[in-house]
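Report on the following structure.
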Amino acid sequence: MKPATLAPLPWAILAAAAYFPSAAAAFSPQPAAPVCDASEGYSDVFDGRRTFTLRPTDLQAIKAALPTDAAIGAAYRDLIARADKALAAKPASVMDKRSIPVSGDRHDYVSLARYWWPNPANPKGAYIRRDGDTNPDIESGRFDRTALSRMARDADTLAVAFYYSGERKYADGAARVIRTWFLDPATAMNPNMNFAQAVPGVSNGRPEGVLDGASFIAVIDAAGLIAPSGALTTAETTALEGWFSRYVDWMLKSPNGKGEGKASNNHGLWYDAQVARFALFARKPEIARKIIAAFPKARIAQQIDASGALPAELGRTRSFHYSLYALDAAYTLADSAACLGIDVYRSEEKDRSLRKATDYVAAYRGRAADWPYREQGWPTDTLDELLIRADDAWGPGAYPRVASGDLLLRYRIP
């Protein structure tokens, strides 16, 4: 089913008018954007904090507003409550799972494919796929997926809490989380996803499992955010870079890694986003540059159609969600590209671009009933966050900036 023809660019103008009485008045003059410098990230302009996603100007402005802005203050109090809970918890590890990988090495990560279930017609046989219907067993203690998610969430929460509070205990907590998952020989994950998103009776691990590693992107910024504290030593930071260097090698050379790189949907986009970001962190910018250079022809031209839609996502039961998820990956790669002086946000191939794809989904903000494809649950907050990032790329004033909760601690909202 084809969507109705939509006006491409006027929507952005109308949105600005609808949400801001005066686009000119809504944004005070901003200083020049800080420069992300290849593998150094923002460290040179962020007091040694080597981040790639979290931007110095955003966090510095938010921190300055914290004492007087009620909404930011409420978000901060919630952050501290979550950080205190993370501090009290045992750090997650791949050693926590109750199962043993087929390799026999518990340091290998194991997860179950999200949409695969036992076959009612043959309960002891191979699993079958039910798109959009999550098998709750993926979150069970038999697998590592929940532990990985908690690790990434706790590292991020504790690092952000350290930045805003200045309390060393949060930096120490974030370092402990990172050290346990990546560095401690007794608990560290092996740098591979050989057994990720397994399907019983079908595969012990699939290329699609590489997607689980996207959670590591937040961990990289967490490590950078706590750098001034010294909670991670220089040797530990170097060791963490080494872990990601080996993981990038695995992504580029393993059957599962190479298979995921060939995917033509959101998986392929996330593969590129991960390799580029991990390579930058591992101080292998030449690998990131190669992935980024191929992106316009390999992804933009192939995965975005002339209308701006992402056809590979439209047949899903959560078609709008996966369209946003795919763009999230593309934006993440574009942010990495900016660190190398390459503007993927404005790249065009065969009249296809990230801007056109963004306008396509943005046109449905507040119009869930008009979306002509299947969607189980409308992802309003996800769209709003994407549009904030879009406004960073093409604004100010190109897209609405609407945020609440934790997003208020990450993006500057006029």
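The values are calculated or read from the model by the stated rules, or taken from the named source; none is laboratory data. Just so it is clear, the model here is predicted, and its values are computed rather than measured. Neighbour counts run over all protein chains shown; Cβ positions are idealised from the backbone, glycine included.
Listed values, structure above:
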{"read-out": "Any hit, segment 359-381, residues being closer than 27 Å to A279 by Cα and not hydrophobic (A, V, I, L, M, F, W, C)", "value": "no"}
{"read-out": "Scope segment 30-45; condition in contact (Cβ under 8 Å) with a residue 40 or more places away in the chain and over 14 Å from D335 (Cα atoms); matching residues", "value": "Q30, S43"}
{"read-out": "Residues of segment 337-365 that turn out to be surrounded by 13 or more Cβ atoms within 10 Å (Cβ to Cβ) and either without any contact (Cβ under 8 Å) to a residue 12 or more places away in the chain or within 23 Å of P311 (Cβ to Cβ) (or both), as a count", "value": "20"}
{"read-out": "Members of segment 366-389 that are more than 18 Å from the chain's Cα centre (by Cα) and either exposed (fewer than 14 other Cβ atoms within 10 Å of the Cβ) or not in a helix (DSSP H, G or I) (or both)", "value": "G366, R367, A369, D370, W371, P372, Y373, R374, E375, Q376, G377, W378"}
{"read-out": "Pick from segment 83-100, criterion over 19 Å from S215 (Cβ atoms) and at pLDDT 95 or above, ranking: surrounded by the fewest Cβ atoms within 10 Å (Cβ to Cβ)", "value": "A88"}
{"read-out": "A279 vs. criteria buried (at least 17 other Cβ atoms within 10 Å of the Cβ), out of contact with any Cys (no Cβ under 7 Å at 6 or more places or on another chain), closer than 23 Å to I342 by Cα and not aromatic (F, W, Y)", "value": "yes"}
{"read-out": "Single unsatisfied condition, R355 versus (1) in contact with a strand residue (DSSP E or B) (Cβ under 9 Å, 6 or more places away or on another chain); (2) under 27 Å from L158 (Cα atoms); (3) charged (D, E, K, R)", "value": "(2)"}
{"read-out": "Those residues of segment 153-176 which are under 24 Å from P101 (Cβ atoms) and surrounded by fewer than 22 Cβ atoms within 10 Å (Cβ to Cβ), in sequence order", "value": "R153"}
{"read-out": "Residues located in segment 103-126, provided they are assigned to a loop (DSSP other than H, G, I, E, B) and modelled with pLDDT of 95 or more", "value": "S103, G104, D105, R106, H107, D108, Y109"}
{"read-out": "Of all residues making up segment 148-176, the number that are assigned to a helix (DSSP H, G or I) and on the phi > 0 side of the Ramachandran plot", "value": "0"}
{"read-out": "Enumerated helices (runs of 4 or more DSSP H) restricted to segment 282-363, each holding at least 1 residues that are within 18 Å of L386 (Cα to Cα) and modelled with pLDDT of 95 or more", "value": "311-314, 319-339, 354-362"}
{"read-out": "Residue ID - surrounded by the fewest Cβ atoms within 10 Å (Cβ to Cβ), chosen from residues in segment 177-227 that are modelled with pLDDT under 95 and not in a loop (DSSP other than H, G, I, E, B)", "value": "S203"}
{"read-out": "Test: A334 is surrounded by 21 or more Cβ atoms within 10 Å (Cβ to Cβ) and in contact (Cβ under 8 Å) with a residue 60 or more places away in the chain", "value": "no"}
{"read-out": "Close pairs (9 angstrom Cβ cut-off, 6 or more residues apart or separate chains): outside any loop (DSSP other than H, G, I, E, B) in segment 47-70, among the acidic types (D, E) and surrounded by 17 or more Cβ atoms within 10 Å (Cβ to Cβ) anywhere", "value": "D58/D392"}
{"read-out": "Selection from segment 263-279 of residues that are in contact with a Pro (Cβ under 8 Å, 6 or more places away or on another chain) and in contact (Cβ under 8 Å) with a residue 40 or more places away in the chain", "value": "A263, H267"}
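One line per residue, one yes/no per condition, for (1) closer than 30 Å to R142 by Cα; (2) of a type in the set (D, E, K, R); (3) outside the structural domain of R179 (by TED's automatic domain parsing):
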{"residue": "D58", "(1), (2), (3)": "no, yes, no"}
{"residue": "A71", "(1), (2), (3)": "no, no, no"}
{"residue": "I80", "(1), (2), (3)": "no, no, no"}
{"residue": "L87", "(1), (2), (3)": "yes, no, no"}
{"residue": "P91", "(1), (2), (3)": "yes, no, no"}
{"residue": "K97", "(1), (2), (3)": "yes, yes, no"}
{"residue": "I100", "(1), (2), (3)": "yes, no, no"}
{"residue": "D105", "(1), (2), (3)": "yes, yes, no"}
{"residue": "V110", "(1), (2), (3)": "yes, no, no"}
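Every residue, every condition in (1) out of contact with any Ser or Thr (no Cβ under 6 Å at 6 or more places or on another chain); (2) small (G, A, S), yes or no:
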residue: M151; (1), (2): yes, no
residue: A161; (1), (2): yes, yes
residue: G173; (1), (2): yes, yes
residue: T187; (1), (2): no, no
